[in-house]
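Let me begin by presenting the structure, written as structure tokens, before commenting on it.
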Amino acid sequence: MERKGFKKGIVDGLPICFGYLSVAFAFGIFALSSGLNSLEALLISMTNVTSAGQLAAVPIMVGGGTLFELAAAQFIINLRYSLMSVSLSQKFDSSFKLPQKILCAFVVTDEVFAVASSQKGEISKHYMYGLILTPYLGWSAGTILGAVAGNLLPKIVITSLGIAIYAMFIAIVVPPARENRHTLICVVLAIALSCAFHFIPLLSKIPSGFVVIICAVLASTVAALLFPISNEEEGTQQ
Amino acid sequence: MTFSAFLPYLITMALVTYLVRLVPLLAVKKKIENKFVLSFLHYMPFAVLSVMTVPAVFYSTGSLLSAVVGVTVALILAFFKRSLLLVAASASAAVLICELILQIV
């Protein structure tokens with residue numbers, strides 16, 4: 001049972017790992033071209049594991065920004081992880097004690113969260129260990145590869161890998177949205193809000209970390225008010 | 001930048017990012033019973049992923065055209081419930097082919 005859970009976690013985590021390789025690769029290139037060295041880029045990736053946060057942090061560091069600015073930016077951009085942690089707290093089974101939570105909290109990312117929450121029923125610590133292992137390695141390895149050998153791969157290949165993570169998101173969202181009209185409406189609403197924040201001049205000035213929070217909270221609130229989940233759906237959620 | 005100048009940045013950043021993740025995980029101990037909160041948490045992942053994907057996905061490749069091709073491939077495969085890896089790999093391959101054709105044309 002333990003090995004089965006861990007193995008399933010590894011299998012489910014592999015697509016995330018591949019996705020992270022390319023994103024972290026791009027981060028490695030970005031960090032070096034901004035003036036950090038490869039050790040610094042690697043340390044940032046290994047201690048943070050957050051794409052948007054890391055991308056925002058490098059200019060602040062290189063530009064000599066204050067620690068407060070850096071902390072505030074990270075807080076805002078990464079605040080969505082709080083929502084995900086609350087959600088995951090409902091998803092973890094009783095095998096999660098304090099040490100397991102302290103460990104797993106480190107790799108609560110958009111993709112890990114998405115895959116974990118798409119599982120039916122509760123998840124075990126073994127599953128979670130498997131799920132976070134390869135993405136973490138992929139994130140670290142991708143950064144160092146990007147930092148060291150970024151100029152070797154043809155640019156067109158790197159460009160094409162840029163869509164991998166989003167394609168994964170699509171693969172996660174579409175099947176449940178196809179089965180459940182309420183989920184579909186929530187998705188459409190979220191997309192409409194997101195586009196509004198992107199294309200309407202005044203709203204587009206809001207930092208992307210904020211936009212994710214505002215749109216996701218709005219869309220989920222509306223969906224939760226209009227279509228409260230039944231006990232059956234609750235069963236698959238928890 | 002010297003390493004001693006870099007270190008405070010690194011520690012600050014890592015600490016904030018980690019606490020944002022850890023605190024809610026430790027603070028919420030019981031199973032939530034409130035129907036609204038449960039419903040909210042049920043819809044939230046789909047909303048987050050949708051917001052992060054659109055419109056960003058259309059700027060994730062070399063051109064809007066290749067992105068549209070990639071998204072179309074991903075949507076079709078996802079509709080038929082293919083695995084995450086297959087969907088991601090196929091979309092990337094479609095983008096690569098499209099970008100190669102664009103270069104030649």
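Since every read-out is calculated from the coordinates, none of them should be taken as a lab result. Fair warning: this is a prediction, and the values are worked out from it, not measured in the lab. Neighbour counts run over all protein chains shown; Cβ positions are idealised from the backbone, glycine included.
Here are the numbers:
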{"read-out": "Entries of A:LYS8/A:LYS97; A:LYS101/B:LYS31; A:LYS205/B:LYS81; A:LYS155/A:LYS205 with Cα pairs more than 27 Å apart", "value": "A:LYS205/B:LYS81; A:LYS155/A:LYS205"}
{"read-out": "Number of partner chain Cβ atoms within 10 Å, mean per residue of A:12-18", "value": "3"}
{"read-out": "Share of pairwise Cα separations in chain B, more than 25 Å, in percent", "value": "53"}
{"read-out": "A:LEU98 versus A:ASN180: modelled label distance in nm, points set 7 Å from Cα along the beta carbon direction", "value": "3.5"}
{"read-out": "25 °C / 0.890 mPa s Stokes-Einstein diffusion coefficient of the stretch A:3-112, Kirkwood radius on C-alpha pairs, µm²/s", "value": "157"}
{"read-out": "Contour minus Cα-Cα distance for B:THR2 and B:LEU26 (0.36 nm per residue)", "value": "5.0 nm"}
{"read-out": "Averaged over A:127-133, number of beta-carbon atoms from partner chains that fall within 10 Å", "value": "0"}
{"read-out": "Chain B: calculated mean residue ellipticity at 222 nm from DSSP helix runs of at least 4, using -39500 (n - 2.57)", "value": "-26500 deg cm²/dmol"}
{"read-out": "Cα long-axis angle, helix A:38-48 against chain A (0 to 90 degrees, to the nearest 10)", "value": "20"}
{"read-out": "Rg/Rh ratio calculated on Cα atoms of the stretch A:113-181 (Kirkwood radius)", "value": "1.09"}
{"read-out": "Per-peptide average of other Cβ atoms within 10 Å, ordering A:97-105, B:66-74 highest first", "value": "B:66-74, A:97-105"}
{"read-out": "Rounded if a/c under 1.5, otherwise prolate or oblate - the stretch A:45-107, Cα gyration tensor axes", "value": "prolate"}
{"read-out": "Helix axis angle, B:64-79 relative to chain B longest principal axis, alpha carbon, degrees", "value": "70"}
{"read-out": "Computed helical MRE - 222 nm, chain A, DSSP H runs ≥ 4 contributing -39500 (n - 2.57), nearest 500", "value": "-25500 deg cm²/dmol"}
{"read-out": "Angle between chain B longest axis and helix B:84-104 axis [Cα atoms, degrees, rounded to 10]", "value": "40"}
{"read-out": "Hydrodynamic radius by Kirkwood, which averages 1/r over all alpha carbon pairs of the stretch B:61-105, in angstrom", "value": "10.4"}
{"read-out": "For residues of B:22-32, the mean tally of beta carbons on other chains within 10 Å", "value": "6"}
{"read-out": "Value of D in µm² per second that Stokes-Einstein yields for the protein assembly as shown, Kirkwood Rh from Cα pairs, at 10 °C (1.306 mPa s)", "value": "78"}
